[in-house]
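Right, one structure below, let's go through it.
Just so it is clear, none of the values below were taken in a lab; they were calculated from the coordinates. These numbers come from a predicted model, not from an experiment. Cβ: placed from backbone, ideal geometry, glycine included. Neighbour counts: every protein chain shown.
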Amino acid sequence: MENIEQYLYYCQKLHKTPSESFFKHTVFGLRAAYKVMGMETKRVALPQIKRDLKLPTVLSQKEIKRLLNAPKYLKHRLIIGMLYGCGLRSYELCNLKLADIDFDRRTVFVPKKKGKTDRYVPLSKHLDRGLKEVHQKQKNPQIYLFNSQV
């Protein structure tokens, strides 16, 4: 038992495990295994994990304009705009369907994924206009907001 705790402290200090969350779940898994095996008296001490309390970097308006104007194609600009402007995760954007966009209310419905809750996010008038322009040029009806060529 003491060897396991020493090993966990060793892993935390020396290796900087793949992630803090992975490390914590390893310890919680050991605790659960001991409980199932009837060894509830054995406790695994969880080493203290310090959280980085970094504030996010906020881009200036000039930087945002440069970022959004960098891609050549409107579709690519819209992808970056949706990620930044709507605060979407990349997998959420990939799974967005055209039906999830409400152009009348200018909202985007993001189905439950992380956190297991659905949410609505606002859609700016610039993104609204750009999305309409891109989808009016489409010849075939599509299901997903951004179809890839693959």
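Quick notes on this structure:
- In order along segment 74-81, the phi-based Karplus estimate (6.51 cos²θ - 1.76 cosθ + 1.60, θ = phi - 60°) of 3J(HN,Hα) comes to 4, 4, 6, 5, 5, 4, 5, x Hz; Gly and Pro are listed as x.
- Which listed pairs, of Lys97/Lys125; Lys97/Lys137; Lys75/Lys116; Lys112/Lys132; Lys65/Lys139; Lys54/Lys97, have C-alpha distances above 23 Å, in listed order: Lys75/Lys116; Lys112/Lys132; Lys65/Lys139; Lys54/Lys97
- Using the Cβ-Cβ distance between Lys125 and Gln6 with R0 set to 41 Å, the FRET efficiency works out to roughly 0.10.
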